[in-house]
Amino acid sequence: MTGAWTQGALRQDRIGSNADANHLPKRFLVVVLTGAVMLHPAGCNDDVQRLRNGPAELDHGTVSQADLIGTTLCDDSALGIPVDLAAVAQYVVVIDIASDSVVHFIERSTGTHRGQFGRRGEGPGEVKAVWSLDHRGEQHGAFWVYDIGLRRLTEVDIRRSLATGHLVYSRLIGLTGSGIPTGPLWLDSAIVSLGFFTRGRIMSFSQQGQSDSTIGPVPLGGDDLPPSVIQHVYQGTLVRRPDGQKLAAVTRHASQIEIYDMSGVRTVTNGPLTVEPHYTVRMGSTAPS
């Protein structure tokens, strides 16, 4: 339901969203995914199922189930297309790509919508194509907003923003190097991100935003495909363990989960139902996409 968020809400996918398409950098290589999946689960039908739209119809008879119970925290007309959220201090911070002001603050205890900030633009405190947020547990109620259009991280202070009535930032960090980071996370002394990179699965950046190393190999794909296209096929969400010593990449179009330690050792696992990505590559005027 538009404008409604419940506790335990799932993050909405945005790669194919029309609302974001116009904000993506022009050099963005788009893989045309048919939405089909190839399924080979143990205990399921042997026939390969292919769907062009929506999730595959799986036999979940062998998978234990758990009930998710939640309550509506906020159902406010100010929210249009929420795409990411995080609990920061006494607030839930919501990123909304349909609003003119994309950062919303909601009180966790009451669900009251306290304000929205961050007007469209490319200047300090403005956003072009906001993509994700990251919160490291700072005591003073700060969090980071990532703008994929500007390749920029902005540290936002909630209390000062609410007090002044406009988005107050403490730091701006531009991420340099080739490729497009898609979801930067802070570690103790570095920034890491999945993305459309030509080398390495995860790019590591210095605290100033310079790319300096990679973690893990590019996923395997066709020998004639650029690594950035394969990265698009295996796009996903990167999360960190609370102590920052391990990272996990959860793949959007497959059941694969990759776990990395800080030395680059990679462990790959799948859920009870194995799902491999099925994709189509089209030749553009200068490169495959």
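With respect to Leu150, determine if the residue is at pLDDT 90 or above, within 18 Å of Gly174 (Cα to Cα) and not in a strand (DSSP E or B).
In short, yes.
Considering only region 90-112, how many residues are crowded, with 18+ Cβ neighbours inside 10 Å and more than 19 Å from the chain's Cα centre (by Cα)?
3
Identify the residue in region 66-89 that is of a type in the set (Asp, Glu) and part of a loop (DSSP other than H, G, I, E, B) and, among all such residues, is surrounded by the fewest Cβ atoms within 10 Å (Cβ to Cβ).
Among them, the one singled out is Asp67.
Can you name the residue in region 236-250 that is modelled with pLDDT of 90 or more and among the charged types (D, E, K, R) and is also surrounded by the fewest Cβ atoms within 10 Å (Cβ to Cβ) among such residues?
Looking at the filtered set, the residue picked out is Arg241.
Out of Asp188, Asp212, report the one residue that is touching a strand residue (DSSP E or B) at 6+ places or on another chain (Cβ under 7 Å), acidic (Asp, Glu), modelled with pLDDT under 90 and within 29 Å of Gly125 (Cα to Cα).
Testing whether each residue is touching a strand residue (DSSP E or B) at 6+ places or on another chain (Cβ under 7 Å), acidic (Asp, Glu), modelled with pLDDT under 90 and within 29 Å of Gly125 (Cα to Cα) leaves just Asp212.
For Thr198, work out the one condition from (1) of a type outside the set (Gly, Ala, Ser); (2) more than 19 Å from Phe117 (Cα to Cα); (3) at pLDDT 90 or above it doesn't fulfil.
(3)
Can you report the number of residues in region 119-144 which are part of a loop (DSSP other than H, G, I, E, B) and out of contact with any helix residue (DSSP H, G or I) (no Cβ under 9 Å at 6 or more places or on another chain)?
13
Name the residues in region 264-279 that are surrounded by fewer than 16 Cβ atoms within 10 Å (Cβ to Cβ) and among the hydrophobic types (A, V, I, L, M, F, W, C), would you?
Of everything in region 264-279, those that are surrounded by fewer than 16 Cβ atoms within 10 Å (Cβ to Cβ) and among the hydrophobic types (A, V, I, L, M, F, W, C) turn out to be Val265, Val268.
Name the residue that is farthest from the chain's Cα centre (by Cα), counting only residues in region 152-167 that are surrounded by 21 or more Cβ atoms within 10 Å (Cβ to Cβ) and in contact (Cβ under 8 Å) with a residue 40 or more places away in the chain.
Ser161
Can you tell me which of (1) more than 20 Å from Thr154 (Cα to Cα); (2) surrounded by fewer than 17 Cβ atoms within 10 Å (Cβ to Cβ); (3) modelled with pLDDT of 85 or more is the one Val233 doesn't meet?
Evaluating Val233 over (1) more than 20 Å from Thr154 (Cα to Cα); (2) surrounded by fewer than 17 Cβ atoms within 10 Å (Cβ to Cβ); (3) modelled with pLDDT of 85 or more leaves (2) as the failure.
The values are calculated or read from the model by the stated rules, or taken from the named source; none is laboratory data. All figures in this text were calculated on a predicted structure; none of them were measured in a lab. Cβ: placed from backbone, ideal geometry, glycine included. Neighbour counts: every protein chain shown.
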